[in-house]
Amino acid sequence: MIKLKLIFLISVVLATNIFASYKYDDPTLGNIALEAGIWQNSVGGTISNNRSTTDIQKDLNFDQEVITYFGMDLKNDIDWLPNIYINYFLLNSSADSVLTDIKYVDNVRFSGDVSSSIDYAETNMILYGFLQQGPFEFDMGLNLKYIDFEQKLTENRTNGNKVIINGPTDIIPVPYLALKIDLYFIDTVLKAQTSLFSIGNTQIQDYAYSLNYRVMRNMYLSYGYRYNSFKATNQDNDYEKYNITASGSYISCKIMF
């Protein structure tokens, strides 16, 4: 049932996002909005090199995790000063698996019983402006994305091999676009947003689709789907690449002041 609702939601947003979108905040309210949500997250991806490819779900047995995320939106009335939207999530996950094929990670050999863990935190600080025409709004800006990623793999045997993988260490500026449509007559907002970046061996992608329903004058409840991914090359091994994804549906509450 959830999958059918998600497919319907995405279809509606994709069918309407060519019209841009709207500014759904009540102008009589303040310029601060706080958001908190629960994300049914599925972590995946691969670690690949010239010896083997390790699938995070199929080989290492990672599954879904329910995590929380937080956001804050700060708007202003100064034309030349950008608005600021900040969101943050933290994913801690661990898994045990049995590797039937030999895998190599960071030139280290792994086989048999393996334990692994992922600590993945991401902060997005989005500086944006918007163009508005009636119920439609188009947002455009720059997402200053900071990824804090660490993955550990350990063989469960005496003197077993162990490696630690770290993700990008710099703040990455990523173009940001958002489309909104205000269905004010049913107190509903449709929103689609994305950030994309690709240069050399580093690639960043995230997008989200959501349906936002106004339950009170200053409160919205949201249901949507979010996808985050990054690709990077091992700094110590040019032939090894990491492709990490985090995706799933979410619900959230937004309160405006």
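Where a number appears in this text, it was derived from the coordinates with a stated rule and is not lab data. Values in this document were obtained by computation on a predicted structure and should not be read as measured data. Glycine gets a Cβ as well: all are built from the backbone with ideal geometry, and neighbour counts include every protein chain shown.
Say we join alpha carbon atoms closer than 10 Å with springs in a Gaussian network model of the chain; which of Thr158, Thr100, Thr54 then has the biggest fluctuation? Between Thr158, Thr100, Thr54, it is Thr158 that shows the largest mean-square fluctuation. The residue among Asn76, Ala208, Tyr120 whose Cα reaches farthest toward the positive pole of the charge dipole of the stretch 2-256, with charges on the beta-carbon of Lys, Arg, Asp and Glu, is Ala208. Axis angle, to the nearest 10 degrees, between helix 2-16 and the longest C-alpha principal axis of the chain: 60 degrees. Largest GNM mean-square fluctuation among Gly44, Gly134, Gly71, using the chain with Cα springs under 10 Å: Gly134. Normalised by the number of residues in the stretch 2-256, the average gap of Cα pairs under 8 Å and 6 or more apart makes the relative contact order 21 percent. Summing charges over all other residues whose Cβ lies under 10 Å from the Cβ of Ser42, with Lys and Arg as +1 and Asp and Glu as -1, gives -2. Where Lys and Arg each count +1 and Asp and Glu each count -1, what net charge lies around Lys103 among other residues with Cβ under 12 Å from its Cβ? Neighbourhood net charge equals -3.
If you take all other residues with their beta carbon under 13 Å from the beta carbon of Asn87, and give Lys and Arg +1 and Asp and Glu -1, the sum is -1. Rounded to the nearest 0.05, what FRET efficiency is calculated for Ile32 and Lys162 with R0 set to 41 Å and r the Cβ-Cβ distance? About 0.35, to the nearest 0.05. Solvent-free Debye calculation, one equal scatterer per alpha-carbon of the stretch 60-180: log10 I(q)/I(0) at 0.12 Å⁻¹ equals -0.63. The length gained by stretching the chain between Thr188 and Asn50 to full extension, at 0.36 nm per residue less their Cα-Cα distance, is 44.7 nm. With all pairs of different C-alpha atoms in the average, the Kirkwood value for the hydrodynamic radius of the stretch 2-256 is 19.7 Å.
The calculated FRET efficiency for Tyr146 paired with Thr68, based on their beta-carbon distance and R0 = 22 Å, is about 0.75. Relative to the current alpha-carbon distance between Ile84 and Thr154, full extension at 0.36 nm per residue lengthens the span by 21.1 nm.
Taking the chain as a Gaussian network of alpha-carbon nodes connected by springs under 10 Å, the highest mean-square fluctuation of the residues Tyr85, Tyr220, Tyr239 belongs to Tyr239. In percent, rounded to a whole number, the relative contact order of the stretch 93-181 is 28, using alpha-carbon pairs under 8 Å and six or more apart.
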